[in-house]
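The values are calculated or read from the model by the stated rules, or taken from the named source; none is laboratory data. It should be emphasised that the depicted structure is a prediction, and the values quoted were computed from it without experimental measurement. Cβ atoms come from the backbone with ideal geometry, glycine included; neighbour counts cover every protein chain shown. These accessible areas exclude ligands, DNA and RNA; they are computed on the full protein's heavy atoms, side chains included. Shrake-Rupley method; radii C 1.70, N 1.55, O 1.52, S 1.80 Å.
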Amino acid sequence: MAAAIARFFDSDVWWSFKRSPVTVASAIVAAICIIGAALAPFIAPHNPFDLASLNLIDAFKPPSWAEEGTAEYLLGTDDQGRDMLSAIMYGARVSLLVGLSATLFATLLGVSVGLLAGYVGGAVDGLLMRICDVQLTFPSILVALLVDGVVRAVVPREVHDQIALFVVIFAIGISEWPKFARTVRGSTLVERNKEYVQAARVIGVPKLRIMASHVLPNVVGPVLVVATLNLGLAILAEATLSFLGVGVPPTQPSLGTLIRIGNDFLFSGEWWITIFPGLALVAMVLSVNLLGDWLRDALNPKLR
Amino acid sequence: MSNTAPLLQVKNLRVEFPTRRGTLVALDDVSFDIAPGEVLGVVGESGAGKSMTGAAIIGLLEPPGRIARGEILFAGKRIDNLRYEQMRRLRGKEIGAIFQDPLTTLNPLYTVGHQLVETITTHLPLNPAEARKRAIEWLEHVGIPAAAQRIDSYPHEFSGGMRQRVVIALALCAEPKLIVADEPTTALDVSIQAQVIALLKTLAREKGTAMMLVTHDMGVIAETADRVAVMYAGRIAEIGPVREVVKHANHPYSAGLMASIPPLDRRVERLAQIDGAMPRLSAIPQGCAYNPRCPQVFGKCRELRPDLLDAVTTRAACWLYDTETARG
Amino acid sequence: MADATPMFEVRDLARHFDVSRPFLQRLVAREEKRILRAVDGISFAIPKGTTLSLVGESGCGKSTVARLSVGLYTPTAGAVIFDGRDLAEARALADQRRRMQMIFQDPYASLNPRWRVADIIAEPIRAFGLVTSHSAQQDRVAELLTQVGLSPLDRQKFPHEFSGGQRQRISIARALSSNPEFLVCDEPTSALDVSVQAQILNLMKELQQRLGLTYLFISHNLAVVRQVSDRIGVMYLGRLAELAPAETLFRTPRHPYTRALMEAIPDLEMTGRERIPVGGEVPSPITPPSGCAFHPRCPLANDRCKRERPELKPAGDAMVACHAVEEGRDDAMPMPAIARDAA
């Protein structure tokens, strides 16, 4: 393990990371977002969901540096008197959870389909890739809306609120797996014909094992890049769904929910209720995307 | 060769590659001349620096590689410090280049006729109609059947061997004085390879074109070149007339290299082999780079790097030919 | 040589590939199906402990034969027989599959870049369950590495830490790890530098003597083939032009293509010598010429050669597929310089 860490710090990837200030800055921003979100229950100044601590007198407080602001609420409060900073941290937690889960789901599904299509080929490949093609003709937000709509129509309202989070994860994940499938299929087609795979076939290693132990480790590089870039997209997709009011349940507001709520007050002067969640969303997505861009370049030997 | 002034002079050429682990010296102290009409073969194992020497001459070193020291003179004038645009003009007109893969030289979007005519009109005082006539002549010259019809074909419509002939026509049609050919026959089958070598030889002789022929195939060199330079780890190990280097190499490395080529005319129980491998550029040993593999190594080889020394028939970078060492 | 069953045999082996464009495009363009006859009816046998080489230019089908021989492709027609058993039947049995291995051309692609050398070499050992305990497995890997001239300490490294020649040694160690008796070597040295090529060829010959291996050796390099082979088959467009004991082939090549091929090789002994190269190029295997596939390039071709495909027939201790040889017209084509010099 120590050797692996030493190897990482000696690797070209780490070297190109250190040399790119934008990347380092993105990594720091992303780290702040992730730590802030993950540890929200422990480090947030208030608990925005603790109804007992909410005080309507504190509603619509502007940020602390404004004239009427107080140091207690750094970024001000919303119409319910909730601390915006804490709400953002809790909201980012939901956004990140949905984004990561949806990306993980899309990655697992896409990688499996791509490996299978690329390695087995023939009719299996044809069928799976046509499904991909069809799905890619629909905008992913439309697919997500469709899935959400169908679920809403099928299950009763109380049940829906309980499973809403999973529905969103599923809806976003299912709308984004074709990208992974295509990437993996392309790399698999290249790897499948390499001689080390043929050498394994000569001794009769079963197909599934070749895919898992030979092909998969050699196609993860591009997958990692697509997954990172996709994380930003998934977070945005969730925010869009929540903004449209079909995303996560209102009991667990995400950044998108916060923006929607704040939107109503944007033109009545309480701009901070929507602007700060918006900025948090931009920071999170931008930093993740910049990291993804860097990763793509760092893993591409042609650009080095 | 003769006492005419050399067409190309490479003097103490040093090419460096700055990397994050320090600067790699890819070529070090490489010096040679090519006379007008002469064919110089450059051989060596992969990574020895033979292709890079060619690239440095035609001004196409891949960045971040750069010439750190030394001079390249073409017809008496320095060309290593020319600006890109000047070098490009020189490359089309005075120095022709042929690479291993014809597809990298030919533009797939234009017919071969278009590409030939463009090159000819750029460099020779001919109008398009005359240039087209000249282009057809060149295609006939390099052995493309029905040249007048095929001139309007696209590169992909030619087979591999035919494509390499088109590249040769393209390199020669501006009538350059020097051709740098980097593994021109490696991608071809033996029977086609023989045709292309014969063609290059004839053309060089007829037009008096000088040629630098870079290849790992000693057979090709033996048949085509007048002189040969053997490269090892970024330096010239030995340079001399082809017959001498092939049959009576003086440097232990060239001797080992020649001996390890499987003979075609007999079966041997065990091929002569050089143990070990050429060092990586990042780990070139002190002294003579060949010393860890050399069967004739002695003390001095491990400490000091030999320059090219007179070795009767050739010049070899080997302490065996140091007069002082020999005396002592 | 007198062993009753050969280690390996192919009979009328053929493999065709469908290289047509997709169905819809073909329909629109009104094209026929395009069939590439990569291997089109060849037969040979390799006695135990000997080497048979197949030589030819690119597209002659020699690599396809290599892949057919270990079951990476299934034959379109004909039979592959491994030690008296049909190959498909033999490959269904682990203890038979263990006996055949393959060495590939590209030392940079034949080792999984993500695996350590120890795991690469041990893969066959594990796949066939030859050694169960981890320590015995490590010992075996160390022994194999030593056998191919590498250090047992190398097992912890990754492939990118080795040079081309060392990687080819690792490939050989891996191939040997299942104690095979039959090795298919597909251009094992053509990606290597000459001095390294000599190392690998010597190693392969040494291992053959020590372990009694049987080789099917594929190469485009006649000089290499001469050093390793007992018998040599010359392939042209998916068929055998000539099949002869190695020395016979080089002393008295009979088929005009064999002669042309030998004449085409630039040789060290030939500084400044003029050669008359054979004209033309290898035709496409999708639309091969009628009759004898070599007839458009053959100086001895006549009407019969254009019409009728020659079969492999005995000529001395060789087998030659040529009407001119059969009719005794082959004296009209001079022997190549190499054969002349030897005589």
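Tabulated results
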read-out	value
Calculated [θ] (222 nm, deg cm²/dmol) that DSSP helices of n ≥ 4 give over chain C, each run adding -39,500 (n - 2.57)	-9500 deg cm²/dmol
Within chain A, helix-based [θ] at 222 nm, where runs of 4 or more DSSP H residues each add -39,500 (n - 2.57), nearest 500	-23500 deg cm²/dmol
For the range B:196-243 and the range A:225-295, distance of Cα centres in Å	66 Å
Normalised convex hull volume, chain C, alpha-carbon set, Å³ per residue	170 Å³
Computed over the range C:109-201, Kirkwood Rh from alpha-carbon pairs, angstrom	13.5 Å
Within 10 Å of each Cβ in B:214-223, the average number of Cβ atoms from other chains	4
Residue-averaged beta-carbon neighbours from other chains (10 angstrom radius) around A:200-210	5
Alpha-carbon centroids, the range C:75-100 and the range A:95-155: separation in whole Å	42 Å
For the range B:269-281, Karplus couplings with θ = phi - 60° (6.51, -1.76, 1.60), whole Hz, Gly/Pro x	5, 9, 6, 5, 10, 9, 5, x, 9, 4, x, 5, 4
Dipole of the range A:47-303, positive direction: furthest Cα of A:234, A:275, A:257, with charges on the beta-carbon	A:234
Bins of 10 Å from zero: percent of alpha-carbon pairs in the range B:1-156	9, 31, 31, 22, 7, 1
Mean residue ellipticity (222 nm) of chain B, computed from DSSP H runs ≥ 4 via -39,500 (n - 2.57), nearest 500	-9500 deg cm²/dmol
Amide H contacts of residue C:235 (H built 1.01 Å from N, under 5 Å, at least 5 apart or other chain)	C:55, C:56, C:241
Value of D in µm² per second that Stokes-Einstein yields for chain B, Kirkwood Rh from Cα pairs, at 25 °C (0.890 mPa s)	117 µm²/s
Global size of chain A as Cα Rg and Dmax, reported in angstrom	22.6, 77
Per-residue ³J(HN,Hα) for the range C:94-103, Karplus 6.51 cos²θ - 1.76 cosθ + 1.60, θ = phi - 60°, Hz, x for Gly and Pro	4, 6, 8, 4, 4, 7, 10, 9, 9, 10
Vicinal HN-Hα couplings computed from phi for the range C:201-214 (Karplus, 6.51 cos²θ - 1.76 cosθ + 1.60; Hz; Gly/Pro x)	4, 4, 4, 5, 5, 4, 5, 4, 5, 5, 9, x, 6, 10
Drop in accessible area of at least 30 Å² in the complex versus isolated chain, residues of the range B:152-190, 1.4 Å probe	B:189, B:190
P(r) histogram, all alpha-carbon pairs of the protein assembly as shown included - 10 Å bins from 0, percent	2, 9, 15, 19, 19, 15, 10, 7, 4, 1, 0, 0
Solvent-accessible area, 1.4 Å probe, carbon plus sulfur percent, for the range A:47-303	68 percent
Sequence-distant residues sharing a close amide H with residue B:80 (under 5 Å, placed H)	B:72
Convex hull volume of the range B:123-256 per residue (C-alpha atoms, cubic angstrom)	126 Å³
Most to least packed among A:84-94, B:90-100, B:235-245, B:4-14 [average Cβ atoms within 10 Å]	A:84-94, B:235-245, B:90-100, B:4-14
Farthest positive-ward along the range B:136-253 dipole, Cα basis, beta-carbon charges - from B:194, B:245, B:204	B:245
For the range C:307-328 versus the range B:285-328, the gap between their alpha-carbon centres in whole angstrom	56 Å
